[in-house]
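Undergrad: Below is a structure I'd like to ask you about.
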């Protein structure tokens, strides 16, 4: 397991907590609009953190931070993730997991064992357009996943109580790309996720680290329309990161 990034303080990545964010290298998806290409490919051009460095930092910040967000890449491709999270929890931290939902067995185990307090699952597109949203023809390596696993992870999260009494909460989120997401796709996604605890719509932003350049964001008026549309299925739907 490569640790390829550490954001030492964030007020955005973990709702209602002052947290840090740990980036794990490697991913089984090749989303063309992903802006973490080097982390996804676990590139040697990124300096790696040792676990000793990470835990030394977490011990030092115990009186300042209350949460740790684990993201990637895709964290659940690493079999050692549960042990890594367990060691973080022993320091008293709440843990949030960002995932693409491709490993439902690990997700279910992490929830059942009380290792994560919050999960943010990325929904790349409606079921019919998933392949086009998690891979691209010129990718150096193909995406490796089964859509049935994505669907199972959605079911796992939808089955969680929304009252927070079990100490666990979750959200779904979609990065909207003009070339990939049309209104019909938004309807299909919301029908799939209907009844979810929370759904966030994020606008695509071009960056130097993106796999494929040339994608565009929807106009803010369109994003607002999509937000209103989603709220008829999932009342707790909001735009995130849109001015």
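Undergrad: Out of (1) on the phi < 0 side of the Ramachandran plot; (2) in a loop (DSSP other than H, G, I, E, B); (3) surrounded by fewer than 15 Cβ atoms within 10 Å (Cβ to Cβ); (4) out of contact with any strand residue (DSSP E or B) (no Cβ under 9 Å at 6 or more places or on another chain), what's the single condition that is false for residue 92?
TA: The single condition residue 92 does not satisfy is (1).
Undergrad: Okay, moving on. Quick one: in region 14-24, of everything that is surrounded by 18 or more Cβ atoms within 10 Å (Cβ to Cβ) and either within 14 Å of the chain's Cα centre (by Cα) or at pLDDT below 95 (or both), which residue is farthest from residue 144 (Cα to Cα)? Can you show your working first?
TA: Going residue by residue through region 14-24, those that are surrounded by 18 or more Cβ atoms within 10 Å (Cβ to Cβ) are 14, 17, 19-24.
Checking the rest, the ones that are also either within 14 Å of the chain's Cα centre (by Cα) or at pLDDT below 95 (or both) come to 14, 21-24.
Working: 14: 28, 21: 25, 22: 23, 23: 20, 24: 18 Å.
Per the stated criteria, the residue is 14.
Undergrad: Restricting the search to region 103-122, which residues are assigned to a loop (DSSP other than H, G, I, E, B) and either closer than 23 Å to residue 201 by Cα or in contact (Cβ under 8 Å) with a residue 40 or more places away in the chain (or both)?
TA: Correct list: 103, 114, 116, 117.
Undergrad: Is one or more of the residues making up region 73-83 over 16 Å from the mean Cα position of the chain (by Cα), touching a residue at least 40 places away in the same chain (Cβ under 8 Å) and not in a loop (DSSP other than H, G, I, E, B)?
TA: Checked against the condition, which is being over 16 Å from the mean Cα position of the chain (by Cα), touching a residue at least 40 places away in the same chain (Cβ under 8 Å) and not in a loop (DSSP other than H, G, I, E, B), region 73-83 yields no hits at all.
Undergrad: Continuing with this model, one more query. Filter region 9-23 for residues that are in a strand (DSSP E or B) and more than 14 Å from residue 116 (Cβ to Cβ) and give the result.
TA: Within region 9-23, 9, 10, 20, 21, 23 qualify.
Undergrad: Could you tell me how many of the residues in region 151-204 are within 18 Å of the chain's Cα centre (by Cα) and loosely packed, with under 13 Cβ neighbours inside 10 Å?
TA: Of the residues in region 151-204, 1 are within 18 Å of the chain's Cα centre (by Cα) and loosely packed, with under 13 Cβ neighbours inside 10 Å.
Undergrad: Report yes if residue 230 is more than 21 Å from residue 15 (Cα to Cα) and touching a residue at least 12 places away in the same chain (Cβ under 8 Å), otherwise no. Spell out how you get there, then give the answer.
TA: Working: more than 21 Å from residue 15 (Cα to Cα): no; touching a residue at least 12 places away in the same chain (Cβ under 8 Å): yes.
The answer is no for residue 230.
Undergrad: Of (1) in a loop (DSSP other than H, G, I, E, B); (2) over 20 Å from residue 13 (Cβ atoms); (3) out of contact with any strand residue (DSSP E or B) (no Cβ under 6 Å at 6 or more places or on another chain), residue 221 satisfies all except one. Which?
TA: (1)
Undergrad: Turning to a different aspect of this structure: When the residues of region 124-154 are filtered to those that are in a loop (DSSP other than H, G, I, E, B) and in contact with a helix residue (DSSP H, G or I) (Cβ under 6 Å, 6 or more places away or on another chain), which remaining residue is nearest to residue 76 (Cα to Cα)?
TA: Here the answer is 143.
Undergrad: On the given criteria, is residue 146 within 19 Å of the chain's Cα centre (by Cα) and loosely packed, with under 13 Cβ neighbours inside 10 Å?
TA: Criteria met by residue 146.
Undergrad: Shifting gears a bit: Looking at the structure I just gave you, is residue 69 assigned to a loop (DSSP other than H, G, I, E, B), buried (at least 22 other Cβ atoms within 10 Å of the Cβ) and in contact (Cβ under 8 Å) with a residue 40 or more places away in the chain?
TA: Working: assigned to a loop (DSSP other than H, G, I, E, B): no; buried (at least 22 other Cβ atoms within 10 Å of the Cβ): yes; in contact (Cβ under 8 Å) with a residue 40 or more places away in the chain: yes.
So residue 69 fails the test.
Undergrad: Does region 24-40 contain any residue that is under 30 Å from residue 130 (Cβ atoms) and in a strand (DSSP E or B)?
TA: Yes, region 24-40 contains at least one residue that is under 30 Å from residue 130 (Cβ atoms) and in a strand (DSSP E or B).
The values are calculated or read from the model by the stated rules, or taken from the named source; none is laboratory data. Everything numeric here is computed off the predicted structure, so don't read it as measured data. Virtual Cβ from ideal backbone geometry, glycine too; neighbours counted across all protein chains shown.
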